[in-house]
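What follows is one structure encoded as structure tokens, with my remarks underneath.
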2 protein chains.
Amino acid sequence: MMRQLLALAAAPLLLAQAPPPAAAPEPPVYNAADKIIADAPASHWLAINPDDIMVMDTAAGQMLIQLAPAFAPAHVAAIKALVRTGQFDDGRIVRVQDNYVVQWTARPDPTRPKAAPLPEEYERPLTGLSFTPSPYKDTYAEAGFVSGWPAARDPATGTAWLAHCYATVGVGRDNPPDTGDGTELYTVIGHGPRHLDRNIANVGRVLAGIEPHAALPRGTEALGFYKTDTQMTKIRRVRLASQIAGFPRWQMMDTASPSFAAINTARANRIGFFTRPAGAADLCTLRVPVRLAP
Amino acid sequence: MMRQLLALAAAPLLLAQAPPPAAAPEPPVYNAADKIIADAPASHWLAINPDDIMVMDTAAGQMLIQLAPAFAPAHVAAIKALVRTGQFDDGRIVRVQDNYVVQWTARPDPTRPKAAPLPEEYERPLTGLSFTPSPYKDTYAEAGFVSGWPAARDPATGTAWLAHCYATVGVGRDNPPDTGDGTELYTVIGHGPRHLDRNIANVGRVLAGIEPHAALPRGTEALGFYKTDTQMTKIRRVRLASQIAGFPRWQMMDTASPSFAAINTARANRIGFFTRPAGAADLCTLRVPVRLAP
């Protein structure tokens, strides 16, 4: 009697899932993307630099965040400096707004030196980037991928930027010209708020462990802020993976690879459960596979 | 030190929020849509039929679901019959998959008569619908609104359908020609899985109370199913609002009204925090305001 709602199994996965057990009651014909991921040769995967992975241990679980220095070098450098000096240890998740963001801060510390103003890294020159366009229409811009990241570009300005999708990580800021100092970060836990693109410094994405944080109680105050410290989830410790001996290596799929193109085609033309494949797919549903290095 | 990340305040809200208190530290210049909602005349709101509202009381809270008989009349009739005969009482939330769905079922009951097969109400004729197109590009189809609902249409087939956005409610099914019998429902809690459009019967949306359900622990099994009954959230009782004396009246904004058009324009051209307004907005971010009748 329990309908499996197979269509929903076809949701793009951030993590390449293990293949279903042989005894699975339903053949996974609906999920061609999983097979392409499993069959992709090693050359279609890119190593993720352990110095670009934040390992955040909270009272809810461990969340790994991959930073994107190619898009926001000054912000990423500032965040890494905060991590290396332990500024996020004993930090707090201060806000969870439904269909929007989980937001957290470094440990409040009035003695922390005021950070130097950071440049507006809301977008960057296209020059020097390998941009693989999405074949599908996009509401906001020309959508595509840059070396493992969902992105968009504007030929008129000659710029590109990381797109706000589920699990994208950005830097909180006040009104301009403030660009944030990296002590306040958020990740998206709802429909991709692409209107934030080009208005805020995106610095990365959650690689793994978003689930228990996306499941935190929503804050009761305006914008989903918590009211009391007791309501906030504690951040125990944040380190870079490069600081942790033996930390597992991660990889992301090369978005310029034939495997990724094939996955996108499969996601736009789902079979099995689907009687009418969409023939297209939104940038934020074309999630880039990541995995532990085999 | 707590950056408010004002941009994030501009998230489209399902519920029209109360205006900020006069003493708010930041003027809400970023949220023109809220003011338009507050100022909209009564003629820009549509009453929601209390017979179309499911009142679902669970161990996590109360969730109100507005049904859409214009799009899936047979499925909605079947669901209402299940509600009226108490079939969802002591049901279970059986699945929570991150960035995807919360799914629940009627009380397991082997003696329940097998439902008659339902028609494939995945889409319906455009004829008889008042379709207000979105002015913005859509990845999947021609996006727009029909009498308070986010929808899309295909002139080639002469059909329209409810779009899969955050909080949309659909009917779980197995592989075709099974269309589901209404005993298994889900709501979207992630990026709108628009590829499901035209492949499943959408029957409504969550009007209120999605937050504590979207914050439920993700299921540990494949596709986010829970393993044991203990892990599942209990559904205490489901009734139609029309069955509950004195139940509050709800309204939705008329999506053909000038107020809704103005909100969409404001959402596509955000000010204040935004240094570079998007100039466009995705269907699933143009959420239709709903409210308690004043």
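Placing +1 on the Cβ of every Lys and Arg and -1 on the Cβ of every Asp and Glu, with no other charges, gives region B:172-294 a dipole of roughly 480 debye about its Cα centre. Placing a label point 7 Å from the Cα of A:S130 along the Cα-to-Cβ line, the residues of region A:251-294 whose backbone N sits under 11 Å from it are A:254-258. With an a/c value of 1.5 or above and a/b larger than b/c for the gyration tensor axes a ≥ b ≥ c computed over the alpha-carbon atoms, region A:105-164 is described as prolate. Note that region A:109-115 has calculated 3J(HN,Hα) couplings of 8, x, 8, 5, x, 5, 6 Hz, one per residue in order, obtained from phi through the Karplus relation 6.51 cos²θ - 1.76 cosθ + 1.60 (θ = phi - 60°); glycine and proline are x.
Between A:K234 and B:A38, the modelled labels are 4.0 nm apart [label points 7 Å from Cα along Cα→Cβ]. Across chain B, the mean sequence separation of Cα contacts (distance under 8 Å, 6 or more residues apart), normalised by length, yields a relative contact order of 30 percent.
Residue-normalised convex hull volume from the C-alpha trace of the protein assembly as shown: 153 Å³ per residue.
Charging the Cβ of each Asp and Glu at -1 and of each Lys and Arg at +1, and nothing else, the dipole of chain B about its Cα centre rounds to 420 debye. In nanometres and ascending order, the distances from the B:P119 label point to those of the other copies are 6.1 (point 7 Å from Cα along Cα→Cβ). Taking every DSSP helix (H) stretch of at least 4 residues in the protein assembly as shown, weighting each as -39,500 (n - 2.57) and dividing the sum by the residue count yields a mean residue ellipticity at 222 nm of -3500 deg cm²/dmol. Comment: the Cα-to-Cβ extended label point of A:A245, at 7 Å, lies 7.3 nm from its counterparts in the other copies, nearest first. With the simple spin-label model, which puts each label point 7 Å out from Cα in the Cβ direction, the B:D174 to A:N175 separation comes to 6.0 nm.
The modelled label-to-label distance between B:A77 and A:A222, using points 7 Å beyond Cα along the C-beta direction, is 4.8 nm.
Based on Cα atoms of chain B, Rg over Rh with Rh as the Kirkwood radius reads 0.97. A Förster distance of 25 Å, applied to the separation of the beta-carbon atoms of B:R276 and A:A116, puts the FRET efficiency at 0.55.
For A:K80, neighbours were defined as the other residues whose beta-carbon sits under 11 Å from its Cβ, and their charges (Lys and Arg +1, Asp and Glu -1) total 0.
Relative to the longest principal axis of the Cα atoms of chain A, the long axis of helix A:73-84 lies at roughly 70 degrees. Within chain A, which is the longest segment that contains none of the trypsin sites (Lys or Arg not before Pro) sitting in a DSSP loop with at most 16 other Cβ atoms within 10 Å? Looking at chain A, A:1-113 is the longest stretch - no exposed trypsin sites (Lys or Arg not before Pro) with at most 16 other Cβ atoms within 10 Å. Relative to the longest principal axis of the Cα atoms of chain B, the long axis of helix B:258-268 lies at roughly 80 degrees. Set the Cα radius of gyration of region A:140-294 against 2.2 N^0.38 Å, with N its number of residues, and you get 1.20.
Considering region B:47-186, its Cα convex hull presents a mean projected area of 10.0 nm².
No lab work stands behind these numbers, since they all come straight from the coordinates. Note that the structure is a prediction, hence the values are computed from the model and not measured. Note that we place each Cβ from the backbone using ideal geometry, even for glycine, and neighbour counts take in every protein chain shown.
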